[in-house]
Amino acid sequence: MKKTISLGTLIILSFIVSGCSSQPKPLYTYGNYSESYYASKKDVSADTALELQKSIEFAIENADESRSGRVAPGMYANLGYIYLKSGKTDKAIESFNKEKSIYPESAHFMDRMIKKIEVLEGKQND
């Protein structure tokens, strides 16, 4: 009886230890995006906006380290919006198109954003 209890205990402990030994990769890589996003909303400044942009770019560059192997939904859209606010419309459109290509369900919204940029640029060129 004592061997059965110790064998059962050993089996349970081996399952517990094996379950804790390896952490699965996260579905998406965010880096410090959450902290940067919160800081940019709490204190609206050029520094926090730049920090948010850097955190998004880091997440994009390291997306292959995640389980999905791709950028999290909305990252390119958010980066495009940051570019748009800073007047970099070409980069904004490029980011919106990347978001659309990775996540086709965002195409309608991304197309509307691109169309608004094109309308604004058309008015500025007149």
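The values are calculated or read from the model by the stated rules, or taken from the named source; none is laboratory data. Only a predicted model underlies this, so the values are computations on that prediction, with no experimental measurement involved. Reconstructed Cβ throughout: ideal geometry from the backbone, glycine too, with neighbour counts over all protein chains shown.
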Find all pairs meeting these conditions: Cβ atoms under 9 angstrom apart; at least six residues apart or on different chains; first residue within region 43-71 and at negative phi and among the hydrophobic types (A, V, I, L, M, F, W, C); second residue loosely packed, with under 14 Cβ neighbours inside 10 Å and assigned to a helix (DSSP H, G or I).
A49/K85
Restricting to helices (runs of 4 or more DSSP H) lying wholly in region 14-96: which have 3 or more residues that are at pLDDT 90 or above and farther than 24 Å from D111 by Cα?
33-42, 46-61
Is it the case that G80 is on the phi > 0 side of the Ramachandran plot and among the small types (G, A, S)?
no
Answer with yes or no whether A77 is closer than 23 Å to I117 by Cβ and surrounded by fewer than 17 Cβ atoms within 10 Å (Cβ to Cβ).
no
Going residue by residue through region 116-126, is there one that turns out to be surrounded by 12 or more Cβ atoms within 10 Å (Cβ to Cβ) and in contact with an Asp or Glu (Cβ under 9 Å, 6 or more places away or on another chain)?
no
Subset of region 37-52, residues small (G, A, S) and either over 16 Å from A77 (Cα atoms) or in contact with a Cys (Cβ under 8 Å, 6 or more places away or on another chain) (or both), comes to A39, S40, S45, A46
